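In what follows, a single structure is set out as structure tokens and then discussed.
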Amino acid sequence: MSPTNRTVVVTGIGATTPLGGDAASTWEALVAGTSGVSLLEQDWAADLPVRIAAQIAVEPGEIIPRPQARKLDRSAQFALIAAQEAWKDAGFTAKAGVDSSMNPDRLGAVIASGIGGVTTLLDQYDVLKEKGVRRVSPHTVPMLMPNSPAANVGIELGARAGVHTPVSACASGAEAIGYAIEMIRTGRADVVVAGGTEAAIHPLPIAAFGNMMAMSKNNDDPQGASRPYDAGRDGFVLGEGAGVIVLESEEHAKARGARIYAEAVGQGISADAHHITQPEPSGNGIAHALQNLLDNTDLKPAEIVHVNAHATSTPQGDVAEIKALRKVFGDDADHMAISATKSMTGHLLGGAGGVETVASILALVKRTAPPTINLENLDPEVNADIVSGEARALPEGRIAALNDSFGFGGHNVVLAFRTV
Amino acid sequence: MAATQEEIVAGLAEIVNEIAGIPVEDVKLDKSFTDDLDVDSLSMVEVVVAAEERFDVKIPDEDVKNLKTVGDATEYILKHQA
């Protein structure tokens, strides 16, 4: 391998989600088909047309010491928890430099969110209006800036090779991981901590997404509200949390004797250039991203046995993705077990790509595709093998999984992982 | 009624505990906010605003830079409280 085309592997995973406070508990709940959605009991939710969300299972305040937590937006708290889990899981015992197996100059951090520190911004605006200028927190700016989760993870772990925050709405988390893969492949870093985070369960984002008619209003049945591919789906359910992985050059991982979960084969990226919120309905934009993935890597369609779909439970989006998979893979799509884990986690926006990458990697490691819950009447336009009802075993041998993420703005990001 | 020196130190100790997590018994007159009590320049603004409310005193931004230790802040508050 030339230094600019190095093999990249995954050596650590971490997550904090509506299903569990770490990757292991999240995975268990996914395989069991558990919904993380519940009714919002907060007073502020009483008058909203949408009163359901997938709230975090373990409050970050139970883990991060209070003096540190009060300087971090909730999205940065989630990111820090997931990053520390992934870092430890990768076998590092302290921050880079203190742990002598990691040179800080060769460590990067790429953590994204879709909308940044939105609750900090809105809460501090309330403080400004209700209590006056003097009471606005001096920590407001470093808390609300979208690069804050990445910067805080970088500081905590000692990442000096570069800290980045790509922003592409609901594709942000996946784009961050794609960016990290390239940092390693091209030799800018040996190890990169990468993922996505989001904390937007607040009346303003819920009112705004609700007025776009993008969200499910199924307040009477919270756990049945997120139903990708079901003919009765009526929009996504907002979720919160973070998923972070440790990516590493294969040579660096082997040199320190790290456990390798999977190879990060690469990515396919495209843009629809069609509409600011609607997906290109024929799936051409997504197909372009899938084709780029095949053209830019040695991935073979026959290896792909599992797709963690973007599938947010919106009428148009779910179908466009399936059309694209058919367009690019043809009959090969028949052997791809497709899972829509948002049926359980809700839609974590910029956190989705991170959490679903963790799920995709564990699907390969455990050779198990999680179920898509709430799928009772398959939309006739969905011509694909959806894993519904119960988890399904994946085949032996060398297998690969895709994680699709698409965002408002027409951003399409497909990541590919493969067993080693 | 104006606060005594003892009451001001105790009040500052509670504020520093809330903001920086330092045990109240470690907040003493000779301690530096930055070097000893983990209060950086941003958190110092929080300490000042909380002290203003608690002791009914105004501490203009240009005076904050002179408040290096708990003793400096205590003396300032004693002198300027309403």
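Here the condition is being farther than 17 Å from residue A:16 by Cα and either more than 14 Å from chain B (Cβ to nearest Cβ) or in a strand (DSSP E or B) (or both); of A:78, A:92, it holds for A:92 alone.
Would it be correct to say that residue A:393 is surrounded by fewer than 20 Cβ atoms within 10 Å (Cβ to Cβ), within 23 Å of residue A:300 (Cα to Cα) and at pLDDT 95 or above? When the stated conditions are applied, residue A:393 passes them.
Which one of these is open to solvent by 70 Å² or more (accessible area, probe 1.4 Å) and within 23 Å of residue A:66 (Cα to Cα): B:14, B:75, B:62? Steps first, answer last, please.
Values: B:75 fails: within 23 Å of residue A:66 (Cα to Cα); B:62 fails: within 23 Å of residue A:66 (Cα to Cα).
After ruling out the rest, the residue left standing is B:14.
Counting only residues that are of a type in the set (Val, Ile, Thr) and within 15 Å of the chain's Cα centre (by Cα), region A:336-393 holds 6 of them.
The residues of region B:45-59 that are touching a residue at least 40 places away in the same chain (Cβ under 8 Å) and open to solvent by 50 Å² or more (accessible area, probe 1.4 Å) amount to a single one, B:54. Taking the numbered list (1) open to solvent by 60 Å² or more (accessible area, probe 1.4 Å); (2) within 14 Å of chain A (Cβ to nearest Cβ); (3) within 22 Å of residue A:135 (Cα to Cα) in turn, residue B:24 passes all entries but (3).
Away from chain B (no Cβ under 14 Å), over 21 Å from the mean Cα position of the chain (by Cα) and open to solvent by less than 60 Å² (accessible area, probe 1.4 Å), is that true of residue A:157? So that I can check it myself, show each step before the final result.
Details: away from chain B (no Cβ under 14 Å): yes; over 21 Å from the mean Cα position of the chain (by Cα): no; open to solvent by less than 60 Å² (accessible area, probe 1.4 Å): yes.
Criteria not met by residue A:157.
Scanning region A:31-75 for residues that are in contact with a Phe, Trp or Tyr (Cβ under 7 Å, 6 or more places away or on another chain) and at pLDDT below 95 yields no hits at all. Within region A:111-140, restricting attention to residues that are in contact with a strand residue (DSSP E or B) (Cβ under 8 Å, 6 or more places away or on another chain) and open to solvent by less than 30 Å² (accessible area, probe 1.4 Å), which residue is farthest from the other protein chains (Cβ to nearest Cβ)? Of everything passing the filter in region A:111-140, A:114 is farthest from the other protein chains (Cβ to nearest Cβ). Summed over region A:54-68, the residues that are assigned to a helix (DSSP H, G or I) and surrounded by fewer than 17 Cβ atoms within 10 Å (Cβ to Cβ) give a count of 4. For region A:396-416, the tally of residues that are under 30 Å from residue A:114 (Cβ atoms) and either modelled with pLDDT under 95 or not hydrophobic (A, V, I, L, M, F, W, C) (or both) stands at 8.
Limited to region A:336-381, what total is found for residues that are closer than 27 Å to residue A:181 by Cα and not aliphatic (A, V, I, L, M)? Number of matching residues: 17. Condition (residue is surrounded by 23 or more Cβ atoms within 10 Å (Cβ to Cβ) and within 26 Å of residue B:39 (Cα to Cα)) applied to region A:166-181: is it met by at least one residue? No.
Take residue A:97 and decide whether it is out of contact with any Leu (no Cβ under 7 Å at 6 or more places or on another chain), more than 14 Å from chain B (Cβ to nearest Cβ) and at pLDDT 95 or above. Walk me through how you get there before you give the answer.
Details: out of contact with any Leu (no Cβ under 7 Å at 6 or more places or on another chain): yes; more than 14 Å from chain B (Cβ to nearest Cβ): yes; at pLDDT 95 or above: yes.
Yes.
Scanning region B:27-44 for residues that are open to solvent by less than 60 Å² (accessible area, probe 1.4 Å) and either more than 13 Å from the chain's Cα centre (by Cα) or within 14 Å of another protein chain (Cβ to nearest Cβ) (or both) gives B:27, B:33, B:37, B:39, B:43, B:44.
Taking the criterion of being surrounded by fewer than 19 Cβ atoms within 10 Å (Cβ to Cβ) and of a type outside the set (A, V, I, L, M), the residues of region A:359-378 that qualify are A:366, A:367, A:376, A:377.
The values are calculated or read from the model by the stated rules, or taken from the named source; none is laboratory data. These figures come from a predicted structure and were not determined experimentally. Heads up, the Cβs are rebuilt from the backbone with ideal geometry, glycines too, and the neighbour counts pull from every protein chain shown. When the accessible area is computed, the model is the full protein with side chains, heavy atoms only, and any ligands, DNA or RNA have been set aside. Shrake-Rupley method; radii C 1.70, N 1.55, O 1.52, S 1.80 Å.
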